[in-house]
1. Go over the candidates ALA117, ALA128 one by one and state the one that is among the small types (Gly, Ala, Ser), assigned to a helix (DSSP H, G or I) and either modelled with pLDDT of 95 or more or in contact with a strand residue (DSSP E or B) (Cβ under 7 Å, 6 or more places away or on another chain) (or both).
2. Criterion first (surrounded by 20 or more Cβ atoms within 10 Å (Cβ to Cβ), under 29 Å from TYR271 (Cα atoms), modelled with pLDDT of 95 or more and more than 21 Å from the chain's Cα centre (by Cα)) does ALA153 satisfy it?
3. Has segment 22-34 got any residue that is within 19 Å of SER149 (Cα to Cα) and either in contact with a Lys or Arg (Cβ under 6 Å, 6 or more places away or on another chain) or among the basic types (Lys, Arg) (or both)?
4. Based on what the data block shows, is ALA219 within 23 Å of PHE295 (Cβ to Cβ) and modelled with pLDDT under 95?
5. I need the full set of residues from segment 145-199 which are touching a residue at least 40 places away in the same chain (Cβ under 8 Å) and not in a helix (DSSP H, G or I), in order please.
6. Can you report the number of residues in segment 62-79 which are buried (at least 24 other Cβ atoms within 10 Å of the Cβ) and either of a type in the set (A, V, I, L, M) or out of contact with any His (no Cβ under 9 Å at 6 or more places or on another chain) (or both)?
Amino acid sequence: MHIPDGFLDMKTAVSAGVLSAGAVGISLRRLKRTIPPRQIPMMGLSAAFIFAAQMINFPVAGGTSGHLLGGVLAAVLLGPGAAVIVMSTVIIVQCFLFADGGVLALGANIFNMAVVAPLTGFLLYRLAAGVIRGLRGRLIAAGVAAWVSTVAAAVCASGELAWSGTAPWSVAFPAMFHIHMLIGVGEGAITMVVLSAILASRPELVASGARGERSDIIAFVGYGLIVVAGLLVFVVPFASPWPDGLERVAALAGFDSKAVAPAGTSPLESYRFPGVHSLAASTIMSGAVGVIVVFVLAYVLSRSLIGGGRTIDPSSK
């Protein structure tokens, strides 16, 4: 769902950028007051996992693929404010390091995937989890919320395309809505599987501010990074080559030609490592660089927010 440059006009790009900057600023201020020191490694792991998972396109239907957004997953694990920061970190790195999403469209991509998706999804998760009790209820709530978050992000993208005059609302909305209804099923299923695995091993980490001994959390993060490495090596090279939902809609509606090709300034453009001729090896190596970069950025940013490790009650989130 990464919008390339050329699909949005300047008024839409600027408006979305202002909204995104405001949301990120509010999230940073909130996170500075509430982030517990023990959550810092989890911020890095969440960013690394979501980055790697977004490289894995899964087939949907009709020659279309989709990939995990991860906004609800991050929000359930870390809280909505932290999710906005984690998702923004991933999208910024994807844009500048891999030319995945346009520079001028960066504000819109952050708004859709890092603001709307996690916040709407987390709100629904909290409401549903309060009605459907128990472990199974939390998983169902997370799956439904993840589905809704995907559709909500797609609806926002449709509105941006329509407001820019790229495609009429009557064309953009139904096409994006129907395709992302299917992609959202995959989003919900993946979210439930990941949360189920975490709940089975470390249930206190889910929406609890990463309570627990620091050494235990660091060990969990270490195991999580091993899982991320496994995704890069054994799953990412076999991702579906089919166009994603937005690309498919652009081709069907006839506005794909408006996309502006990257200027070639991104060092790992299209997730290809320079000088490596093997497609699989190139993808794995570029993905490894991205994982390291987003992990470090999310870790350093969250570390700087707590001013060197001041203790904060996680329940204040």
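1. Values: ALA128 fails: either modelled with pLDDT of 95 or more or in contact with a strand residue (DSSP E or B) (Cβ under 7 Å, 6 or more places away or on another chain) (or both).
Just one listed residue meets the conditions, ALA117.
2. On the way: surrounded by 20 or more Cβ atoms within 10 Å (Cβ to Cβ): yes; under 29 Å from TYR271 (Cα atoms): yes; modelled with pLDDT of 95 or more: yes; more than 21 Å from the chain's Cα centre (by Cα): no.
Against the criterion (surrounded by 20 or more Cβ atoms within 10 Å (Cβ to Cβ), under 29 Å from TYR271 (Cα atoms), modelled with pLDDT of 95 or more and more than 21 Å from the chain's Cα centre (by Cα)), ALA153 does not qualify.
3. no
4. Working: within 23 Å of PHE295 (Cβ to Cβ): yes; modelled with pLDDT under 95: yes.
Considered against the rule, which asks whether it is within 23 Å of PHE295 (Cβ to Cβ) and modelled with pLDDT under 95, ALA219 comes out as yes.
5. Of everything in segment 145-199, those that are touching a residue at least 40 places away in the same chain (Cβ under 8 Å) and not in a helix (DSSP H, G or I) turn out to be SER164, GLY165, THR166, ALA167.
6. Filtering segment 62-79 down to residues buried (at least 24 other Cβ atoms within 10 Å of the Cβ) leaves 66, 68-79.
Keeping just the survivors that are either of a type in the set (A, V, I, L, M) or out of contact with any His (no Cβ under 9 Å at 6 or more places or on another chain) (or both) gives 68-79.
So the answer is 12.
Listed here are the residues, each with its yes/no results for (1) among the aromatic types (Phe, Trp, Tyr); (2) within 16 Å of the chain's Cα centre (by Cα); (3) not in a loop (DSSP other than H, G, I, E, B).
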position	(1), (2), (3)
GLY6	no, no, no
SER20	no, yes, yes
GLY25	no, no, yes
ARG33	no, no, yes
PHE49	yes, yes, yes
LEU69	no, yes, no
THR89	no, yes, yes
PHE96	yes, yes, yes
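The values are calculated or read from the model by the stated rules, or taken from the named source; none is laboratory data. Keep in mind the model is a prediction, meaning the values are calculated, not measured. A quick note on method: Cβ atoms are made from the backbone with ideal geometry, for glycine too, and the neighbour counts reach across all protein chains shown.
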